[in-house]
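Engineer: Have a look at the structure that comes next, please.
The values are calculated or read from the model by the stated rules, or taken from the named source; none is laboratory data. Treat the numbers as computed from the prediction; the structure is a model and nothing was measured. In this analysis, Cβ positions are derived from the backbone assuming ideal geometry, glycine residues included, and neighbour counts consider all displayed protein chains.
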Amino acid sequence: MKVLLAADGSKFTKKALAFLVTHESLAGAEGELVVLHVQPPVPPRVKRMVGAATVTAYHRDEAKKVLDPIERFLKRHKMRFSTSWVVGSPPVEIVRAAQRDKAHLIVMGTHGHGLIGRALMGSVAQRVVADCDIPVLLVK
């Protein structure tokens, strides 16, 4: 089974990682974990001001801050995995990656917004669940 982990570097990502490591049978013996980090784009005006190379370096550095600790953690637990990062709308990119990689399951942390928070601003997890036909496991 191929599992896509949407990672934002928060404590909820750490909880989702811990869940996956303690439930290795979820992916099966031949399972693979695909870790995806999505960053929202820098506004075009800022990109013009600082230059495309600076923005690219910024995104690469931010992705490294999130993905490096995850890679070390997964190597310690001898899990088979790959990591990647993209710039875009997090819910759109998570769904796109799950479909492209033919994931069987998406695992992601949730910030546990209350009813009012969801009604006012929505959440990445809520949009992924709504927009995806692949099962989604939310870890809180």
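Engineer: Among the residues of region 8-46, how many are among the small types (Gly, Ala, Ser) and modelled with pLDDT of 95 or more? Step through it out loud before you land on a result.
Structural biologist: Taking region 8-46 as the starting set, the residues that turn out to be among the small types (Gly, Ala, Ser) are 9-10, 16, 18, 25, 27-29, 31.
Those left that are additionally modelled with pLDDT of 95 or more: none.
Of the residues in that region, 0 qualify.
Engineer: May I ask you to list the residues in region 19-60 that are closer than 18 Å to VAL136 by Cβ and exposed (fewer than 15 other Cβ atoms within 10 Å of the Cβ)? Reasoning before the result, please.
Structural biologist: Within region 19-60, the subset closer than 18 Å to VAL136 by Cβ is 19-20, 23, 26-27, 31-38.
Selection gives HIS23 alone.
Engineer: Here's another thing I want to ask about it. Considering each of ALA6, ALA103, ALA16 in turn, give the residue that is out of contact with any helix residue (DSSP H, G or I) (no Cβ under 8 Å at 6 or more places or on another chain), surrounded by 14 or more Cβ atoms within 10 Å (Cβ to Cβ) and hydrophobic (A, V, I, L, M, F, W, C).
Structural biologist: Values: ALA6 fails: out of contact with any helix residue (DSSP H, G or I) (no Cβ under 8 Å at 6 or more places or on another chain); ALA103 fails: out of contact with any helix residue (DSSP H, G or I) (no Cβ under 8 Å at 6 or more places or on another chain).
Result of the check over ALA6, ALA103, ALA16: ALA16.
Engineer: Do you know which residues across region 124-133 are surrounded by fewer than 17 Cβ atoms within 10 Å (Cβ to Cβ) and in a loop (DSSP other than H, G, I, E, B)?
Structural biologist: Listed by number, the list holds a single entry, ASP133.
Engineer: May I ask you to list pairs of residues, at least six apart or on different chains, whose Cβ atoms are under 8 Å apart, with the first in region 66-79 being in contact (Cβ under 8 Å) with a residue 12 or more places away in the chain and surrounded by 15 or more Cβ atoms within 10 Å (Cβ to Cβ) and the second being assigned to a helix (DSSP H, G or I) and not hydrophobic (A, V, I, L, M, F, W, C)?
Structural biologist: VAL66/THR13; ILE70/THR13; MET79/GLU24
Engineer: Would you check which residues across region 50-102 are over 20 Å from LYS14 (Cβ atoms) and under 13 Å from the mean Cα position of the chain (by Cα) and list them?
Structural biologist: VAL86, VAL87, GLY88, SER89, PRO91, VAL92, GLU93, VAL95, ARG96, ALA97, ALA98
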